[in-house]
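Here is the structure we will look at, set down as C-alpha coordinates.
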Amino acid sequence: MQGFTKVVLIIVAFLIGGVLLAILKEIRGGSGYGPLGSVIVLVFLVGIRAIWNYSPEKQKEDTTDIDKLDKN
(Lines give C-alpha, C1' and ligand atoms only; values in the text may rest on other atoms or scores of the structure.)
Protein backbone atom coordinates (compact mmCIF):
# COMPACT_ATOMS: atom_id res chain seq x y z
CA MET A 1 0.00 0.00 0.00
CA GLN A 2 1.45 3.34 -0.95
CA GLY A 3 1.89 6.27 1.40
CA PHE A 4 -0.83 8.37 -0.22
CA THR A 5 -3.42 5.63 0.24
CA LYS A 6 -2.40 5.23 3.87
CA VAL A 7 -2.82 8.96 4.50
CA VAL A 8 -6.27 8.93 2.88
CA LEU A 9 -7.34 5.96 5.03
CA ILE A 10 -6.06 7.71 8.17
CA ILE A 11 -8.04 10.83 7.28
CA VAL A 12 -11.18 8.71 6.77
CA ALA A 13 -10.57 6.99 10.13
CA PHE A 14 -10.13 10.41 11.77
CA LEU A 15 -13.45 11.60 10.32
CA ILE A 16 -15.27 8.47 11.47
CA GLY A 17 -13.74 8.74 14.96
CA GLY A 18 -14.67 12.41 15.15
CA VAL A 19 -18.25 11.70 14.17
CA LEU A 20 -18.51 8.93 16.76
CA LEU A 21 -17.13 11.21 19.47
CA ALA A 22 -19.52 14.01 18.48
CA ILE A 23 -22.48 11.62 18.63
CA LEU A 24 -21.32 10.33 22.01
CA LYS A 25 -21.00 13.88 23.37
CA GLU A 26 -24.52 14.74 22.17
CA ILE A 27 -25.93 11.61 23.80
CA ARG A 28 -24.31 12.53 27.11
CA GLY A 29 -25.69 16.08 26.93
CA GLY A 30 -22.41 17.84 26.18
CA SER A 31 -20.81 16.91 29.51
CA GLY A 32 -17.89 14.93 28.05
CA TYR A 33 -17.10 11.62 26.47
CA GLY A 34 -16.90 9.27 29.44
CA PRO A 35 -15.18 5.90 29.41
CA LEU A 36 -16.61 4.95 26.03
CA GLY A 37 -14.88 7.99 24.53
CA SER A 38 -11.55 6.71 25.82
CA VAL A 39 -12.21 3.37 24.17
CA ILE A 40 -13.05 5.07 20.86
CA VAL A 41 -9.82 7.11 20.99
CA LEU A 42 -7.73 4.01 21.76
CA VAL A 43 -9.33 2.08 18.89
CA PHE A 44 -8.63 5.06 16.63
CA LEU A 45 -4.95 5.15 17.61
CA VAL A 46 -4.54 1.39 17.17
CA GLY A 47 -6.26 1.65 13.79
CA ILE A 48 -3.87 4.38 12.67
CA ARG A 49 -0.91 2.26 13.68
CA ALA A 50 -2.32 -0.79 11.87
CA ILE A 51 -2.94 1.22 8.70
CA TRP A 52 0.52 2.75 8.73
CA ASN A 53 2.36 -0.53 9.44
CA TYR A 54 0.40 -2.61 6.91
CA SER A 55 2.60 -4.00 4.17
CA PRO A 56 1.36 -6.95 2.11
CA GLU A 57 4.87 -7.59 0.73
CA LYS A 58 6.08 -8.70 4.17
CA GLN A 59 3.61 -11.56 4.51
CA LYS A 60 5.04 -15.04 4.91
CA GLU A 61 5.32 -17.05 1.75
CA ASP A 62 6.19 -20.41 3.30
CA THR A 63 2.69 -21.82 3.01
CA THR A 64 2.63 -25.47 2.07
CA ASP A 65 1.11 -26.15 -1.30
CA ILE A 66 -0.14 -29.57 -2.34
CA ASP A 67 2.08 -29.46 -5.44
CA LYS A 68 5.18 -28.86 -3.31
CA LEU A 69 4.69 -31.82 -0.96
CA ASP A 70 7.30 -34.56 -1.03
CA LYS A 71 5.88 -37.79 -2.50
CA ASN A 72 8.54 -40.21 -1.10
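Per-residue answers, yes or no, for (1) modelled with pLDDT under 85; (2) β-branched (Val, Ile, Thr); (3) over 20 Å from the mean Cα position of the chain (by Cα):
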| residue | (1), (2), (3) |
| --- | --- |
| Leu9 | no, no, no |
| Leu21 | no, no, no |
| Ile27 | no, yes, yes |
| Gly32 | yes, no, yes |
| Leu36 | no, no, no |
| Lys58 | yes, no, no |
| Asp67 | yes, no, yes |
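Of everything in segment 1-23, what is farther than 17 Å from Ser55 by Cβ and either of a type in the set (Phe, Trp, Tyr) or touching a Leu at 6+ places or on another chain (Cβ under 6 Å) (or both)? Give them in sequence order. Steps first, please.
Taking segment 1-23 and keeping what is farther than 17 Å from Ser55 by Cβ, we get 11-23.
Across segment 1-23, the qualifying residue is only Phe14.
In segment 20-33, which residues are small (Gly, Ala, Ser) and within 25 Å of Ile10 (Cβ to Cβ)?
Selection gives Ala22 alone.
The values are calculated or read from the model by the stated rules, or taken from the named source; none is laboratory data. This one's a predicted model, so the numbers in the text were calculated from it and none came from an experiment. Virtual Cβ from ideal backbone geometry, glycine too; neighbours counted across all protein chains shown.
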